Each structure stands twice: as C-alpha cells, then as structure tokens.
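Everything on this sheet refers to the single structure shown next.
Quick note: the coordinates plus some simple rules give every number you see, no bench work behind them. No experiment lies behind these values; they were computed from the predicted model shown. Neighbour counts are summed over all protein chains in view; Cβ atoms, including those assigned to glycine, are modelled from backbone coordinates with ideal geometry.
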Amino acid sequence: MSELRTNRIVPRDGLISGTGIGGGIIQVKSVTKTDEFSTTSTSLVDVTGLSVTITPTRSDSKILIMATVNVGTDNDNFMYGQLLRGSTHIFRGDAVGSRPRRSFMYYNGTGSSNEGMNSTRTFTHMDEPATTSATTYKIQIQCATAGEAHVNRSERDIDNAAYDARVASSITVMEISG
C-alpha cells in the first residue's frame, strides 16, 4: 500500500492572496548579457540583449526585478541608466528641479588611468504591473554629456590579461503572488 505525506501543497498559481501568507514564487525569467554594448547618445537607448519578458498569471501578482549592470565610461564622464517596464520608467528618483530622474548613474572620474575602470550597478525593485499580458523589463543607458558609455567593458578595453576584463550583466524577474 502506498502512502503520501505532505506538510503543505502550494497551488500552481502561488500562495493565496488576502490570507496574510502571500509571497509565493509563481515563475522566474532571466537573461544574461555577455557581449558588450556602447553608445554616445545623450538620450536613453535600449541596451541590446538586456531585457526580459514575463507574462504574469494573475493581475494582482507583483514582479520582483533583480538587475546587475556592469558599466564604464570614458575619462571624466557621467552616464545614467534606467529600468523600464515596456516604455514606462520605473524605479527612479524624485523630480527635483532639472535633475535627471534615473535608476542608477556612474562617474568615471578624472585621469586616463580610470578609462580601464568598470563599475557594477546592482538593484532590486518590486513592481506591480496589474496585468496578465506579456510585460518586458529592460535597461536603457545614456551619456550625460558628450562621450561614450559602455555595458560589460571599460572605455580603454585593451587586450591585456592583467587589465580591462570583459564582464556580464543580467536581469532576473520573479512573479510573486499577492
């Protein structure tokens, strides 16, 4: 005779909302970008290959976004990055004066030795898209002024075993029951 024992069975759609025990992970999607991307644009542009699409199973689900973006710029230059849901800017600072509102920024500093630098920007954000339609989360970057901004490489990017490593970036999204 067979016997089945369990402490709990969680429904396919996660834990039931409104019971005080929400927060079950329903699904996970992830993308890793290993090649480089560069831009001289002073307007936000999509980082090719750094977007992930998830189709929530429930309209009251939340989406937990975890991103790691490795960036570099040329000497004495600022760059900005932005997380978007579709074309909507999310996870950004408050509006104050004429300051840019972005998810992250990076300043390379002065001195040509800094052109071999790369910086890791990591963030987590809980979004509430209120939809069961396919939803794309993506990263955009821009130069604050004239110059060049990079993902997954430094500005200098020379072929030398001791310097200027190529690195990777990723976005992972999880549907969380309400």
Report task. Restricting attention to the range 34-78, report how many residues are touching a residue at least 24 places away in the same chain (Cβ under 8 Å), of a type in the set (S, T, N, Q), out of contact with any Lys or Arg (no Cβ under 6 Å at 6 or more places or on another chain) and under 17 Å from residue 171 (Cα atoms). Result -> 5
**Report entry** Unique match (being over 19 Å from the mean Cα position of the chain (by Cα), hydroxyl-bearing (Ser, Thr, Tyr) and closer than 21 Å to residue 31 by Cα) among 87, 119, 133
**Finding:** 133
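What about residue 154, is it assigned to a loop (DSSP other than H, G, I, E, B), hydroxyl-bearing (Ser, Thr, Tyr) and surrounded by fewer than 13 Cβ atoms within 10 Å (Cβ to Cβ)?
No: the conditions fail for residue 154.
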**Report entry** Single residue of the range 61-100 satisfying the filter (hydroxyl-bearing (Ser, Thr, Tyr) and outside any strand (DSSP E or B)) that is surrounded by the fewest Cβ atoms within 10 Å (Cβ to Cβ)
**Finding:** 98
Report summary line: Over the range 39-60, the set of residues of a type in the set (Ser, Thr, Tyr), over 20 Å from residue 123 (Cα atoms) and crowded, with 16+ Cβ neighbours inside 10 Å is 39
Query raised in the report: Across the range 138-178, which residue is nearest to residue 85 (Cα to Cα) among those that are in contact with an Asp or Glu (Cβ under 8 Å, 6 or more places away or on another chain) and of a type in the set (Ser, Thr, Tyr)?
Result: 177
Query raised in the report: Condition test on residue 121, is it touching a helix residue (DSSP H, G or I) at 6+ places or on another chain (Cβ under 9 Å) and surrounded by 13 or more Cβ atoms within 10 Å (Cβ to Cβ)?
Result: no
Report task. Working carefully through the options 132, 73, 120, find the one that is more than 30 Å from residue 177 (Cβ to Cβ), among the hydroxyl-bearing types (Ser, Thr, Tyr) and touching a Ser or Thr at 6+ places or on another chain (Cβ under 8 Å). Result -> 120
